[in-house]
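The values are calculated or read from the model by the stated rules, or taken from the named source; none is laboratory data. Just so you know, these numbers come straight off a predicted model, no measurement behind them. Reconstructed Cβ throughout: ideal geometry from the backbone, glycine too, with neighbour counts over all protein chains shown. When the accessible area is computed, the model is the full protein with side chains, heavy atoms only, and any ligands, DNA or RNA have been set aside. Shrake-Rupley method; radii C 1.70, N 1.55, O 1.52, S 1.80 Å.
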Amino acid sequence: MLDLVQLRSFVALEQMGSFTLAAEKLTLGQSTVSQHIQRLEAAVGRKLVARDTHRVSLTTDGQALLAHARSMLAIDDEVKALFAESSLRGRLRLGVSEDFVTSRLPGVLEDFVRAHPSVELELTVALSGVLYQMQDGGEIDLVLAKRRLGDPRGELVYREPLVWLARDPERIKRDRVLPLIAFPPPSITRSVALEVLDRHRLPWRIVCTCGSLSGLTAAAQAGMGVLVQPRSMAPQGLRELPAGTLPPLEDVEFVLVPSKGADQKLLAALSTEILSKVRTLQGQA
């Protein structure tokens, strides 16, 4: 029989990527988490965790155990929630911006879904501008998306710079007309990029428009042009253009925007989970 406490430390370690952050998440000492992993490895007779100077990662055996560990913890949490007097119930509609989904959403939602199995979470993924429009129309209860500097809506989660990205920055320097890869309107990153280019009177042309970040990334990785993204969300295979190649872009802010008519207990629980997890992940970036 595997120890659920040890499995919880194991899953937290995979989520957070370090013993220090896993210990903070579980409010345990770092040595305690390390002992849990050692005892778990002894119990299964396999090495589960690979350690280097930068980040902790799972071995092949660790990856094999991970899904089972999550399932066992989910069952444990469901049973606890079933008999908890204060367990949350109901439906919550969450809207998340396209670029955030591919980089951080799984880690943000995993604990909430496991801890509140009686909450029906409905997820909508779209551009930030579209999400705000849907929220105004009463279709979304909580939005996690970008806003431009000076926009007062929502609670700030974190702020970071937008950057120009390309597969081959040196080739971009030689282009007389900047080939731009962008989300369709009302994309915030698109608006920021076009405004700064027009302000500096730099010629540009849209070579690829797509509502999916995976589509934009594929175009950029194929060398079609330049993509604008928050720095921490830069896709693999793309490099930031050197300073001075193009004008600097303004920062963007990621915010949580609740709807007034939604269940406030559900909003508070999910908002707290998102704020805690995202700020921790951002601190690692």
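I need the full set of residues from region 127-150 which are open to solvent by less than 40 Å² (accessible area, probe 1.4 Å) and either in contact (Cβ under 8 Å) with a residue 60 or more places away in the chain or of a type in the set (Val, Ile, Thr) (or both), in order please.
Passing the criteria: Leu127, Ser128, Tyr132, Gln135, Ile140, Asp141, Leu142, Val143, Leu144, Ala145, Lys146, Arg147.
Please verify whether Glu273 is touching a helix residue (DSSP H, G or I) at 6+ places or on another chain (Cβ under 7 Å) and among the acidic types (Asp, Glu), treating the condition exactly as stated.
On the way: touching a helix residue (DSSP H, G or I) at 6+ places or on another chain (Cβ under 7 Å): yes; among the acidic types (Asp, Glu): yes.
So Glu273 passes the test.
Return the residue satisfying two criteria in turn: it lies in region 25-46 and is surrounded by 14 or more Cβ atoms within 10 Å (Cβ to Cβ) and under 24 Å from the mean Cα position of the chain (by Cα), and of such residues it is modelled with the highest pLDDT.
Residue satisfying both the conditions and the ranking: Leu26.
Against the definition (closer than 30 Å to Gln221 by Cα, among the acidic types (Asp, Glu) and in contact with a helix residue (DSSP H, G or I) (Cβ under 7 Å, 6 or more places away or on another chain)), how does Glu170 come out, yes or no? Please lay out each step first, then the result.
Working: closer than 30 Å to Gln221 by Cα: yes; among the acidic types (Asp, Glu): yes; in contact with a helix residue (DSSP H, G or I) (Cβ under 7 Å, 6 or more places away or on another chain): no.
In short, no.
Which condition breaks for Val96 when tested against (1) in a strand (DSSP E or B); (2) out of contact with any Gly (no Cβ under 6 Å at 6 or more places or on another chain); (3) free of Cβ contacts under 8 Å to residues at least 40 places away in the same chain; (4) of a type in the set (Val, Ile, Thr)?
(3) is the only condition that Val96 fails.
Kindly indicate which of Gln6, Gln38 is without any contact (Cβ under 8 Å) to a residue 24 or more places away in the chain and in a helix (DSSP H, G or I).
Values: Gln6 fails: without any contact (Cβ under 8 Å) to a residue 24 or more places away in the chain.
Within the list Gln6, Gln38, the selection yields Gln38.
Condition first: at pLDDT 90 or above, in a helix (DSSP H, G or I) and either farther than 30 Å from Gln135 by Cα or of a type in the set (Phe, Trp, Tyr) (or both). Can you find one or more residues in region 47-61 that meet it?
Yes, the conditions are met somewhere in region 47-61.
Could you please let me know if Arg70 is more than 26 Å from Val113 (Cβ to Cβ), of a type outside the set (A, V, I, L, M, F, W, C) and surrounded by 14 or more Cβ atoms within 10 Å (Cβ to Cβ)? Don't jump to the end; show me each part of the working.
Values: more than 26 Å from Val113 (Cβ to Cβ): no; of a type outside the set (A, V, I, L, M, F, W, C): yes; surrounded by 14 or more Cβ atoms within 10 Å (Cβ to Cβ): yes.
Answer is no for this residue.
Need at least 3 residues that are open to solvent by 20 Å² or more (accessible area, probe 1.4 Å) and farther than 18 Å from Val125 by Cα per element, so show me which strands (runs of 3 or more DSSP E) inside region 167-285 make the cut, counting only ones lying wholly within it.
Numbers: elements: 178-182, 204-209, 226-230, 251-258.
Correct list: 204-209.
Of the residues in region 111-141, how many are under 19 Å from Lys277 (Cα atoms), touching a helix residue (DSSP H, G or I) at 6+ places or on another chain (Cβ under 7 Å) and in a helix (DSSP H, G or I)?
Number satisfying all stated conditions: 4.
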